[in-house]
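The values are calculated or read from the model by the stated rules, or taken from the named source; none is laboratory data. Just so it is clear, the structure is predicted and the values come from calculations on it, not from any experiment. Using ideal geometry, Cβ is built from the backbone for each residue, glycine included, and neighbour counts are taken over all protein chains shown. Side chains are part of the model used for accessible areas, which takes the heavy atoms of the whole protein and leaves out ligands, DNA and RNA. Shrake-Rupley method; radii C 1.70, N 1.55, O 1.52, S 1.80 Å.
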Amino acid sequence: MRLLVLGGTRFLGRHVVTAALERGHEVATFTRGVSGAPPQGVRALHGDRDDPDALPKALDGWEPELVVDTSGQTRAAARNAAAALADVRGYAFVSSLNAYANWPPGPLGREDDEPAWTTDDDEYGPIKADSERILRAVLGDRFLTARAGLIVGPYDPLYRLGWWLDRIARGGRVVVPAALDQPIALVDARDLGGWLVEAAERGLSGAVNATGPAGMATFGGLLEICREVTGGDAEWVPIPDEELLAAGVEPWQHLPMWLPADEAATAWDVDTTRARALGLPSRPVTDSVADTWAWQRVADRPTAPPGRELPGLPPELEETLLGAR
Ligand SMILES: NC(=O)c1ccc[n+]([C@@H]2O[C@H](COP(=O)([O-])OP(=O)(O)OC[C@H]3O[C@@H](n4cnc5c(N)ncnc54)[C@H](OP(=O)(O)O)[C@@H]3O)[C@@H](O)[C@H]2O)c1
């Protein structure tokens, strides 16, 4: 079928494109052309999706039957897509668990039992929730929204798992949170990407908490896999939450994917019954980590988006924490 990826040249979208080609679709991407080009064999359409005229102009009569939307970050983008793509057979939108008004900290039960944001704030969660409503109003039961959790895998520009891999590969004494038995969950971009294509094909509808099963791994287990995969001699220096916080370590940012225990206990507790029932796969964490490392070894390190810093423990903070032990 003719499948349009809104996005498709950075991370998750790339894997969507690969899966769509593998499944025999005629694929087009729609991007500004800033982040790179799609692979050969893909029709590369260009324009800014915030501009209402750009998508109809770029399509120029090419009529997509299926859409996977990985690039929706504004209400205008959702409105413009809804106007231009109202007649498609299936539309899978990548949203986030942040669309829920009570996440974080959660916990999150079944999709229909949890309220989504309804405010008009110019923030990530409310924008995702509004985008879902705008698209659903036009597409109805041809619309699926995948509320993604933590996405990992090759081409990840966010450098969360990536920072841990680099730090652990460097070896020596490594600051880690003391609560290494904290259950976590993640979804591999290749699993999610392939499933989104299938979801659009099957015309699945409604909201899905799109992440791995709760407790599929622990924080410590993930770090252990990083150590095995990178082959370094890293030695853990476990530090309790209170000490990390007192030293100024910012959860999630300075130690990527770390949340203090009270928040972690609920934030990682997400009901994914529907995702499992609808066949969202969850490959072994070892595969995700090993493949991310294989890619990262030859890839340039990502650059921070404007006004933001890449995650990771600043060296002076690491020195202070290790010096105290
Ligand atoms: N990473 C996570 O853990 C996580 C968790 C939950 C949800 N999510 C969601 O997952 C999605 C995945 O993002 P991704 O970066 O991996 O997707 P991607 O499709 O691989 O990359 C983003 C694409 O959007 C295009 N784009 C950006 N702004 C655009 C604009 N104004 N008009 C047209 N195209 C535009 C970019 O190309 P150009 O730059 O060339 O325009 C790029 O191709 C996002 O919606 C994100 O909110 C991510």
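Taking every Cα-Cα distance in the stretch 99-223 and sorting them into 5 Å bins from zero, the calculated P(r) comes out as 2, 9, 15, 18, 20, 15, 10, 6, 3, 1, 0, 0 percent.
Mind checking the full-extension length gain between residue 303 and residue 253? Use 0.36 nm per residue of separation minus the Cα-Cα distance, one decimal, nm. Please list the in-between numbers first.
On the way: separation 50, 0.36 × 50 = 18.00 nm, distance 1.49 nm.
Net length gain for the segment: 16.5 nm.
3J(HN,Hα) couplings calculated from phi for the stretch 81-93 with the Karplus curve 6.51 cos²θ - 1.76 cosθ + 1.60 (θ = phi - 60°) are, in sequence order, 5, 4, 5, 7, 10, 4, 9, 5, 7, x, 9, 10, 10 Hz; Gly and Pro show x.
Scalar couplings 3J(HN,Hα) for the stretch 132-144, obtained by applying the Karplus form with A = 6.51, B = -1.76, C = 1.60 to θ = phi - 60°, are 4, 5, 4, 6, 5, 4, 8, 9, x, 7, 9, 10, 10 Hz; x denotes Gly and Pro. Residues whose amide H falls under 5 Å from that of residue 184, counting only those 5 or more places apart or on a different chain, are 215, 216, 217, 218, 219, with hydrogens built in the peptide plane.
Taking the Cα centre of the stretch 49-157 as the origin, how large is its charge dipole in debye, to the nearest 20, when only Lys and Arg (+1) and Asp and Glu (-1) carry charge on their Cβ atoms? Each step should come with its number before you reach the end.
Details: 11 positive and 20 negative charges, 31 e Å.
Charge dipole of the stretch 49-157: 140 debye, to the nearest 20.
Rounded if a/c is under 1.5, else prolate if a/b is larger than b/c, else oblate: which is the stretch 186-232, with a ≥ b ≥ c the root eigenvalues of its Cα gyration tensor? Present the calculation step by step, with values, prior to reporting the outcome.
Working: a/c = 6.21, a/b = 2.33, b/c = 2.66.
Verdict is oblate for the stretch 186-232.
Around the amide H of residue 269, modelled in the peptide plane, lie the amide H atoms of 108, all under 5 Å away and 5 or more residues distant in sequence or on another chain.
Relative contact order for the stretch 34-181: 21 percent, from Cα pairs under 8 Å spaced at least 6 residues apart, divided by residue count. What you get for the chain, charging only the Cβ of Lys and Arg (+1) and of Asp and Glu (-1), is a dipole of about 980 debye around the Cα centre. What the pair-distance distribution of the stretch 1-152 shows, using all Cα-Cα distances binned every 10 Å from zero, is 11, 41, 35, 12, 1 percent. Taking every protein chain into account, the accessible area of the chain amounts to 43 square angstrom per residue (probe 1.4 Å).
How large is ³J(HN,Hα), in whole Hz, for each residue of the stretch 236-253 in order, when computed from phi with the Karplus curve 6.51 cos²θ - 1.76 cosθ + 1.60 and θ = phi - 60°, using x for Gly and Pro? Listing the rounded values in order: 6, 10, x, 10, x, 3, 4, 6, 4, 5, 4, 7, x, 6, 8, x, 6, 8 Hz. Within the chain, DSSP assigns beta bridges of which about 10% are antiparallel (rounded to the nearest 5). Hydrodynamic estimate: the Kirkwood radius of the chain over Cα pairs, inserted into Stokes-Einstein at 20 °C and 1.002 mPa s, corresponds to D of 105 µm²/s. Against the main long axis of the alpha-carbon atoms of the chain, helix 285-298 sits at an angle near 90°. For the chain, relative contact order (Cα pairs under 8 Å, six or more residues apart, normalised by length) works out to 19 percent.
What translational diffusion coefficient, in µm²/s and rounded to a whole number, does the Stokes-Einstein relation yield for the stretch 219-325 at 25 °C and a viscosity of 0.890 mPa s, taking the hydrodynamic radius as the Kirkwood radius over Cα pairs? Display every interim value, and only then the final one.
Numbers: Rh = 16.6 Å.
Translational D for this selection: 148 µm²/s.
Counting 0.36 nm for each residue step from residue 26 to residue 137 and taking away their Cα separation leaves a gain of 37.3 nm.
Rounded to the nearest 10 square angstrom, residue 159 shows an accessible area of 30 square angstrom against a 1.4 Å probe.
What ranking of 242, 198, 318 comes out by heavy-atom accessible area, probe 1.4 Å, highest first?
Values: 242 130, 198 60, 318 25 Å².
Largest to smallest exposure gives the sequence 242, 198, 318.
Using C-alpha pairs under 8 Å with a sequence gap of at least 6, the mean separation divided by the residue count of the stretch 192-291 gives a relative contact order of 51 percent. Under 5 Å between amide hydrogens, built in the peptide plane, is the criterion, and for residue 173 it picks out 235 among residues at least 5 positions away or on other chains. Solvent-accessible area of the chain (1.4 angstrom probe, protein heavy atoms only): carbon and sulfur portion equals 49 percent.
Just subtract the alpha-carbon distance of residue 325 and residue 228 from 0.36 nm times their residue separation and send over the number in nm, one decimal. Write out the running numbers ahead of the final one.
Details: separation 97, 0.36 × 97 = 34.92 nm, distance 2.48 nm.
Length difference between fully extended and current span is 32.4 nm.
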